[in-house]
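**Q** Below is the structure I would like to discuss, written out as structure tokens.
The values are calculated or read from the model by the stated rules, or taken from the named source; none is laboratory data. Keep in mind that what you see is a predicted model, and the values were worked out from it rather than measured. A quick note on method: Cβ atoms are made from the backbone with ideal geometry, for glycine too, and the neighbour counts reach across all protein chains shown.
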Amino acid sequence: MRADVEVVWDIPDAPPGLAGRLERFMGPGKSRAESAVEAAGLVLCGSLLAVGVGTSGLWHAWSAAQCAVVALIGLDLIGGVLTNATNAAKRWYHRPAPGARRTRLLFVSAHLLHLLAMGLVVLSGDWRWTLGNGALLLAGAAVVEFTPLQLKRPASMAVLMAAVLVNLFWLEVPAALAWFAPLFFLKLLVCHLVPEAPLRRKRELHG
């Protein structure tokens, strides 16, 4: 490791009340630099997604509810990939505390609602797609969570690629929605479930 970099697992205190609960959900102690990268990434990738879906022409055939689900889930996945990759999130969700594993798996399981919304609302009741991706999510999460620590990164990449390939060949969606599976499984199986050493420069100021 470089001499000007250190690993910091200490979790800063979160403020009381709603602000503290939100901070603990995203990871306490996020640096200004992390927040800036998140904001820039969300604007960039959200804009690309909006332009891509908009120019596909498919949205003209969608109802207001379908458009709303696509917009909300798209922003959630882009933001979630970025947030779960931060040092703050890694420190919080992979802390050596009782119940941390349950918290991680509950977070993953809650995203079954994303699959229900996409499958039943946007894809007009496609239960094959919904159940297939639900099985991929739960099986992939179990593989990553219970794989030995030193193998979690390659294991997560394996299940991510498997899930994306299954979606490309056997759980097809319109091209305007082809982004969903890669972002969905990247957020949960790689960014959220894989522990990473929270690095910072020794002179870095948090805020």
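**Q** Residue by residue through the stretch 23-63, note down the ones that are in a helix (DSSP H, G or I), under 30 Å from ASP13 (Cα atoms) and either at pLDDT below 90 or over 21 Å from the mean Cα position of the chain (by Cα) (or both).
**A** Those that are in a helix (DSSP H, G or I), under 30 Å from ASP13 (Cα atoms) and either at pLDDT below 90 or over 21 Å from the mean Cα position of the chain (by Cα) (or both): GLU23, ARG24, PHE25, MET26.
**Q** Now a separate question. What pairs come out if I take residues in the stretch 45-60 that are in contact (Cβ under 8 Å) with a residue 24 or more places away in the chain and polar (S, T, N, Q) and pair them with residues that are assigned to a helix (DSSP H, G or I) and surrounded by 12 or more Cβ atoms within 10 Å (Cβ to Cβ) whose C-beta lies under 6 Å away, six or more apart or interchain?
**A** SER56/ALA176
**Q** Let me ask something else. Do we find that PHE169 is at pLDDT 95 or above, of a type in the set (A, V, I, L, M, F, W, C) and under 20 Å from the mean Cα position of the chain (by Cα) in this structure?
**A** Working: at pLDDT 95 or above: yes; of a type in the set (A, V, I, L, M, F, W, C): yes; under 20 Å from the mean Cα position of the chain (by Cα): no.
Taking the combined requirement at face value, the residue does not satisfy it.
**Q** Turning to a different aspect of this structure: Give the residue, chosen from ALA14, ALA64, ALA71, that is among the hydrophobic types (A, V, I, L, M, F, W, C), exposed (fewer than 12 other Cβ atoms within 10 Å of the Cβ) and out of contact with any Phe, Trp or Tyr (no Cβ under 6 Å at 6 or more places or on another chain). So that I can check it myself, show each step before the final result.
**A** Working: ALA14 fails: exposed (fewer than 12 other Cβ atoms within 10 Å of the Cβ); ALA71 fails: exposed (fewer than 12 other Cβ atoms within 10 Å of the Cβ).
That would be ALA64, the only listed residue that is among the hydrophobic types (A, V, I, L, M, F, W, C), exposed (fewer than 12 other Cβ atoms within 10 Å of the Cβ) and out of contact with any Phe, Trp or Tyr (no Cβ under 6 Å at 6 or more places or on another chain).
**Q** Taking only the stretch 178-192 into account, find how many residues are touching a His at 6+ places or on another chain (Cβ under 9 Å) and closer than 23 Å to HIS94 by Cβ.
**A** 3
**Q** Please work out if SER156 is closer than 23 Å to ARG21 by Cα, in a helix (DSSP H, G or I), in contact (Cβ under 8 Å) with a residue 24 or more places away in the chain and hydroxyl-bearing (Ser, Thr, Tyr).
**A** Against the criterion (closer than 23 Å to ARG21 by Cα, in a helix (DSSP H, G or I), in contact (Cβ under 8 Å) with a residue 24 or more places away in the chain and hydroxyl-bearing (Ser, Thr, Tyr)), SER156 does not qualify.
**Q** Within the stretch 1-29, track down each residue that is out of contact with any Gly (no Cβ under 9 Å at 6 or more places or on another chain) and charged (D, E, K, R).
**A** Once the filter is applied, which keeps residues that are out of contact with any Gly (no Cβ under 9 Å at 6 or more places or on another chain) and charged (D, E, K, R), the stretch 1-29 yields ARG2, ASP4, GLU6, ARG21, ARG24.
**Q** A follow-up question, please. Which pairs turn up if I take residues in the stretch 159-181 that are of a type outside the set (A, V, I, L, M) and look for partners that are surrounded by fewer than 19 Cβ atoms within 10 Å (Cβ to Cβ) and modelled with pLDDT under 95 with beta carbon separation below 9 Å, at least 6 apart in sequence or on another chain?
**A** Sorted first by the residue in the stretch 159-181, then by its partner, the pairs are PRO174/SER56; PRO174/LEU58.
**Q** Further question: Name, by its number, the condition in (1) out of contact with any strand residue (DSSP E or B) (no Cβ under 8 Å at 6 or more places or on another chain); (2) of a type outside the set (Gly, Ala, Ser); (3) crowded, with 18+ Cβ neighbours inside 10 Å that does not hold for LEU58.
**A** (3)
**Q** Let me ask another. Within the stretch 176-207, can you find the residues that are of a type in the set (A, V, I, L, M), at pLDDT below 95 and in contact with a Ser or Thr (Cβ under 7 Å, 6 or more places away or on another chain)?
**A** none
**Q** Here's something else I'd like to know. Quickly run through the stretch 146-176 and pick out the residues that are among the hydrophobic types (A, V, I, L, M, F, W, C) and more than 27 Å from CYS67 (Cβ to Cβ). Walk me through how you get there before you give the answer.
**A** Of the residues in the stretch 146-176, the ones among the hydrophobic types (A, V, I, L, M, F, W, C) are 146, 149, 151, 155, 157-166, 168-171, 173, 175-176.
Within the stretch 146-176, PHE146, LEU149, LEU151, ALA155, MET157, ALA158, VAL159, LEU160, MET161, ALA162, LEU165, PHE169 qualify.
Table: residues versus (1) surrounded by fewer than 22 Cβ atoms within 10 Å (Cβ to Cβ); (2) more than 19 Å from LEU186 (Cβ to Cβ).
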{"site": "GLY79", "(1), (2)": "yes, no"}
{"site": "LEU82", "(1), (2)": "yes, no"}
{"site": "ASN87", "(1), (2)": "no, no"}
{"site": "LYS90", "(1), (2)": "yes, no"}
{"site": "ALA100", "(1), (2)": "yes, yes"}
{"site": "ARG104", "(1), (2)": "yes, no"}
{"site": "ALA117", "(1), (2)": "yes, no"}
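**Q** Do we have any residue at all in the stretch 106-116 that's under 24 Å from GLY41 (Cβ atoms), among the hydroxyl-bearing types (Ser, Thr, Tyr) and touching a residue at least 24 places away in the same chain (Cβ under 8 Å)?
**A** No, the conditions are met nowhere in the stretch 106-116.
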